[in-house]
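Read-outs: derived from the displayed coordinates by stated rules, not from any lab. From a predicted model like this one, the values you see are computed outputs, not experimental measurements. Every residue, glycine as well, gets a Cβ built from its backbone with ideal geometry; the counts of neighbours run over all protein chains shown.
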Amino acid sequence: MSTSLISIIIPVYNRIEEFRDALYSVLSQSYKDIEIIVIDDGSSEDIKKEIIDKGVTYVRQENRGAPAARNRGLELAKGDYVIFWDADVVADPQMLKKLKKQLDKSPDASFAYCNYNFGLKKMSAQSFDTEKLKQNNYIHTTSLIHKKDMVRWDESLKRFQDWDLWLSMVDREKKGVWVDEYLFLVGSGGTMSGWLPKIAYKKPWKFLPGVRSKVKKYEEAKNLVKRKHNI
């Protein structure tokens, strides 16, 4: 096992054009000691044709959801670092290098995360704070993690899987470190595109027809994670 190897795990389910852009941004990284593991979660589109001659490990499984795909990739990973690279993420070519540099000089940290753009919206993270993390997630899935500190994704959760992951690591007294730069873009059309604006979760807006059911599902999913972690 290479002490410098980063295992990049990309779960993908259709959306082949977004995947193509994501894969290109992985291949364009200035940090080259990497392995790329693509887990095709039962796509109806021909994902495999996009990785021919690119030195990528490809595994296809029946559709079981992103957490199961990430866990499968984790089982195959050979690196001392792992990063779960969502299939709609297009990163700055320096992202891996910057995250690894910060993680390596932060001996108390188990993972490094950064800010990102969602369309035209800037999504800023913040300095690692356990108590604030217990209230709301500010760490994106696409973060660099020491594999030795990694826990498995909870395949039973339909929402807040990333928040649950970071809380599970916090439960084991693991910490993160923030790189205060916008290092990647999340494309539209994915899970985040279904988010409602913040005001929708407040009274009286949360009770409006067409909003109420979405807010209820959001709150139920959030409370499920809170109960799991005794928050």
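Give me the net charge of E45's neighbourhood, meaning all other residues with Cβ under 13 Å from the Cβ of E45; Lys, Arg count +1, Asp, Glu -1.
Residues close to E45 contribute a combined charge of -1.
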note = Taking every other residue with Cβ under 11 Å from the Cβ of R70 and scoring Lys and Arg +1, Asp and Glu -1, one gets -3
ask   = Is there a pair in K134/K228; K121/K147; K100/K121 whose C-alpha atoms are over 23 Å apart, and which pairs would that be?
value = K121/K147; K100/K121
request  = Please give the helix 95-104 orientation as an angle from the longest Cα principal axis of the chain, in degrees from 0 to 90, rounded to the nearest 10.
outcome  = 90 degrees
task = Pop the C-beta distance of K54 and Y182 into the FRET formula with R0 = 41 Å and round what comes out to the nearest 0.05.
result = 0.95
ask   = Looking at this model, which pairs from K132/K216; K49/K148; K32/K105; K101/K174; K49/K222 are more than 27 angstrom apart at the alpha-carbon?
value = K49/K148; K49/K222
message = At 7 Å along Cα-to-Cβ for each site, give me the label-to-label distance between D129 and N117 in nm.
response = 2.7 nm
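Please list the equivalent ellipsoid semi-axes of the range 90-144, computed as the square roots of five times the alpha-carbon gyration tensor eigenvalues, in descending order and whole angstrom.
18, 18, 7
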ask   = Given (1) 81, 41, 34; (2) 54, 43, 32; (3) 56, 36, 29, which label gives Cα extents along the principal axes in Å as computed from the coordinates?
value = (2)
